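One structure below.
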Amino acid sequence: MLAPSLASARVVDVRSSTRRARASRASETRVVANVGRIINVKSSTGLGQLCAGAATRRSTIVFAGNDVPTPEDEKARFVPAHERKTLSKILPEQLLEGGVSLADAPAEWANSFTGFLGFEFMSVRTQNFPGLRVLNIDPPIFTVDDFLSKDECDALVASAEASGGLAVSAIGGAENENIRTSRTVALNSHGLENHPSKKAILSRAEYLLPQVEGLSKTEDAFRAPQAGESKWSFELPQVAHYSGGEYFKAHEDSFPINIAAEKGYQRRATILVYLNDVEKGGATRFEHLDVEVQPKRGKALVFFPSSAACMNDARTLHTATSAEDGHEKWVSQLWIASSTPPVPTPEELEEHNKQKAAAAEYAKLPRAQRRQMEKDAKKKEKANNRKR
């Protein structure tokens, strides 16, 4: 897994001649690996350069914590995804080429990225999708080519258009044209509930994300989980239509933690499947990542709006840009949700606050006093063990 070091990593610009000389002399690229430390691997195109470019004019390199790589001494504190202020990007030229094909990446890097996904977000069968391309490492953003076939896309568009159910969806309990002007229809009515393309989306989502495998065949696949229930669910798939000039402004798919606690569940994954090609406009743009995805029929865009801890990841803020006049966009949306941890009782919350306050007071004590208290506690523990 990429865990601790990637979690606390920050991108350092490699323009210093000293660093460039070091990289050239070693003829290597430094990357963060699955053992949580920085190791050396041969420079190569593809995922081997995701976190660190070779010694090129615009390359970047990721180090754990400090500018100087000291893997043996580095013990950076693990920072969970929802607290991270850092980004781990692919190289600009790789992004222009449509991302990095995981199938063509070195096995060590592909395995590391896959482990990172499972540790911090959700497990993904990355090896089983040859069309999977990484657009951003952390937060992870990737696309899957040919997620749906041309015929499946065309059939779903035709059925949604003929259903008569397309309408501006409610946001925050009310229709809000300042946020969204596109129209949507849920695939549970208007003759769409048993649509073959709906079944195809669900089955391929289950295969991509093994934690929800077989979910669509259960009776409560679309029932919202309750806090502490240890349950996954699908939100009802939707189809959205954007005519020229229509948009969905910057938003997050996950819920703020207080709303998630009230609902008892959090959106963990988003799968957008583009149902037609859009030549001008209509891109999905991630505001903090400099990543834009242009709609291509059958392509799926996958990202994780919250972490494994059900905490929203604000770095995934994104916009559905408006399609230009004379163009339209059709897209299917699927959210995968999981139950949040149990809500603490008032007594548990009071005890937690007491412990937190005691820890804060303890941290204010002089270091020598804290050390003496720790020694006394160990002596007391040993004495109690002898009595037993």
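Overview of values
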{"read-out": "Answer residue from the stretch 75-100, given it is among the small types (Gly, Ala, Ser) and buried (at least 18 other Cβ atoms within 10 Å of the Cβ) and is farthest from Asn136 (Cα to Cα) among those", "value": "Ala81"}
{"read-out": "Any hit, the stretch 184-195, residues being touching a residue at least 60 places away in the same chain (Cβ under 8 Å) and part of a strand (DSSP E or B)", "value": "yes"}
{"read-out": "Conditions (1) surrounded by fewer than 19 Cβ atoms within 10 Å (Cβ to Cβ); (2) touching a strand residue (DSSP E or B) at 6+ places or on another chain (Cβ under 6 Å); (3) of a type outside the set (A, V, I, L, M, F, W, C); number of the one not met by Lys280", "value": "(2)"}
{"read-out": "Phe222 in contact with a Leu (Cβ under 7 Å, 6 or more places away or on another chain), within 14 Å of Ala337 (Cβ to Cβ) and touching a residue at least 60 places away in the same chain (Cβ under 8 Å)", "value": "no"}
{"read-out": "Selection within the stretch 239-289 - assigned to a strand (DSSP E or B), polar (S, T, N, Q) and touching a helix residue (DSSP H, G or I) at 6+ places or on another chain (Cβ under 9 Å)", "value": "Gln266, Thr270"}
{"read-out": "Criterion: acidic (Asp, Glu) and more than 27 Å from Pro341 (Cα to Cα) - qualifying residue of Glu235, Glu206, Glu246, Glu229", "value": "Glu246"}
{"read-out": "Residues located in the stretch 115-125, provided they are of a type outside the set (A, V, I, L, M, F, W, C) and either modelled with pLDDT under 95 or closer than 21 Å to Val79 by Cβ (or both)", "value": "Gly115, Gly118, Glu120"}
{"read-out": "Odd one out for Ala283 among (1) in contact (Cβ under 8 Å) with a residue 60 or more places away in the chain; (2) over 15 Å from the mean Cα position of the chain (by Cα)", "value": "(1)"}
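The values are calculated or read from the model by the stated rules, or taken from the named source; none is laboratory data. As the structure is a computational prediction, the values presented were derived from the model and not from experiment. Ideal geometry is used to build each Cβ from the backbone, glycine not excepted, and the neighbour counts take in all protein chains shown.
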